[in-house]
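> To start, I am sharing the structure in question, which I have written as structure tokens.
The values are calculated or read from the model by the stated rules, or taken from the named source; none is laboratory data. Please read these numbers as outputs of a predicted model, since none were measured by experiment. Methodologically, a virtual Cβ is constructed for each residue, glycine included, from the backbone with ideal geometry; neighbour enumeration extends over all protein chains shown. Heads up: the accessible areas ignore ligands, DNA and RNA and are worked out on the full protein's heavy atoms, side chains in. Shrake-Rupley method; radii C 1.70, N 1.55, O 1.52, S 1.80 Å.
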Amino acid sequence: MILAVLPVTSFVENVYIVGDDETKEAAVIDPGGEADRILKAVDQLGVTVKYILNTHGHMDHVGGVMKVQEATGALFGIHARDIETSQRAPAGYVASLVPDFVQPPDPDMELKDGDEFKVGQVTLKIIETPGHTMGSLCIQAGGVLFSGDTLFQGSVGRTDFPGSSTEALVESVRGKLFVDLEDDTVVLPGHGAQTSIGHEKAHNPFVGIGSKLWTP
């Protein structure tokens with residue numbers, strides 16, 4: 001499997017390029033900005049981008065969608081509940097943090113739980129994980145989980161935004177990710193370093209076994 005990560009913009013948001021070694025088909029996950037860098041990486045990897053898949057609609061994750069789509073012709077997908085969020089213009093100084101931000105287009109696909117997308121022999125499976133936003137989702141590719149801003153190394157996504165829900169996020173992680181995925185599943189988050197399901201289950205202070213909210 002082809003797998004590359006590019007941290008972009010002042011948000012240090014992780015853009016992932018995942019694809020098939022043989023066919024060179026690929027998907028770009030969360031192109032948040034610095035679209036020229038993303039496209040350069042696509043060119044260097046020698047892949048054809050078939051899909052742009054977004055884990056949620058916050059501006060630091062969608063700022064480069066339009067430019068990447070225009071350059072590649074890829075189909076763009078996001079959860080229906082995050083379309084409005086994705087098309088909301090950033091306000092004030094926040095706009096300066098993603099200098100090449102362009103409002104993303106209407107999606108070609110509304111992603112939902114259980115959807116599968118193939119890039120060559122690699123299957124990308126959609127797992128709905130509401131909480132950080134109500135349209136948040138994760139994307140599984142075999143033993144790898146692209147967790148967006150749902151689950152981080154030692155943390156979870158913020159839930160103090162309008163429309164966020166702490167209860168929903170906790171249920172998404174504990175009731176779905178921790179139950180359905182193997183402990184050795186590699187977690188590649190929207191910001192920060194990689195981790196694993198087992199590590200977060202054991203040590204995450206917000207949703208792990210040792211957290212005060214934990215209920216087996």
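> Residue check, V122 against (1) of a type in the set (A, V, I, L, M, F, W, C); (2) surrounded by 21 or more Cβ atoms within 10 Å (Cβ to Cβ); (3) under 14 Å from the mean Cα position of the chain (by Cα), all met but one. Which one?
Exception for V122: condition (3).
Each row is one residue, and each column tells you yes or no for (1) open to solvent by less than 10 Å² (accessible area, probe 1.4 Å); (2) at pLDDT below 95; (3) in contact with a Leu (Cβ under 7 Å, 6 or more places away or on another chain).
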residue: V94; (1), (2), (3): no, yes, no
residue: M134; (1), (2), (3): no, no, no
residue: L151; (1), (2), (3): yes, no, yes
residue: L169; (1), (2), (3): yes, no, no
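> What is the number of the single condition among (1) among the small types (G, A, S); (2) surrounded by fewer than 14 Cβ atoms within 10 Å (Cβ to Cβ); (3) in contact (Cβ under 8 Å) with a residue 24 or more places away in the chain that S165 does not meet?
Every condition holds for S165 apart from (2).
> Which residues, counting only those in the range 71-80, are surrounded by fewer than 19 Cβ atoms within 10 Å (Cβ to Cβ) and more than 21 Å from V47 (Cβ to Cβ)?
Within the range 71-80, just A80 meets the criteria.
> Name the residues in the range 204-213 that are open to solvent by 50 Å² or more (accessible area, probe 1.4 Å) and under 17 Å from E182 (Cβ atoms), would you?
Answer for the range 204-213, where residues must be open to solvent by 50 Å² or more (accessible area, probe 1.4 Å) and under 17 Å from E182 (Cβ atoms): just I209.
> If you don't mind, another one. Using beta carbons and a limit of 8 Å, which pairs, at least six apart or on different chains, have the first residue in the range 1-16 and open to solvent by 60 Å² or more (accessible area, probe 1.4 Å) and the second one assigned to a loop (DSSP other than H, G, I, E, B) and not small (G, A, S)?
Going by the 8 Å Cβ cut-off, the qualifying pairs are M1/D20; M1/D21; S10/V98; F11/V98.
Condition check ((1) touching a helix residue (DSSP H, G or I) at 6+ places or on another chain (Cβ under 8 Å); (2) more than 16 Å from H58 (Cα to Cα); (3) of a type outside the set (D, E, K, R)) across all residues:
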| residue | (1), (2), (3) |
| --- | --- |
| D149 | yes, no, no |
| R158 | no, no, no |
| T166 | no, yes, yes |
| K176 | no, yes, no |
| L181 | yes, yes, yes |
| H191 | no, no, yes |
| T195 | no, yes, yes |
| K201 | yes, yes, no |
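> Okay, next question. Looking at the range 96-130, which of its residues are aliphatic (A, V, I, L, M) and assigned to a strand (DSSP E or B)?
Within the range 96-130, M109, L111, V119, V122, L124, I126, I127 qualify.
> Let me ask another. Can you work out which of the residues in the range 81-92 that are open to solvent by 40 Å² or more (accessible area, probe 1.4 Å) and either touching a Leu at 6+ places or on another chain (Cβ under 9 Å) or assigned to a loop (DSSP other than H, G, I, E, B) (or both) is farthest from Y16 (Cα to Cα)?
A91
> Being open to solvent by less than 40 Å² (accessible area, probe 1.4 Å), assigned to a loop (DSSP other than H, G, I, E, B) and not charged (D, E, K, R): is that true of G175 here?
Against the criterion (open to solvent by less than 40 Å² (accessible area, probe 1.4 Å), assigned to a loop (DSSP other than H, G, I, E, B) and not charged (D, E, K, R)), G175 does not qualify.
> Let me ask something else. I'd like to verify a number: residues in the range 98-119 that are under 20 Å from A168 (Cα atoms) and open to solvent by 10 Å² or more (accessible area, probe 1.4 Å), how many?
Number satisfying all stated conditions: 3.
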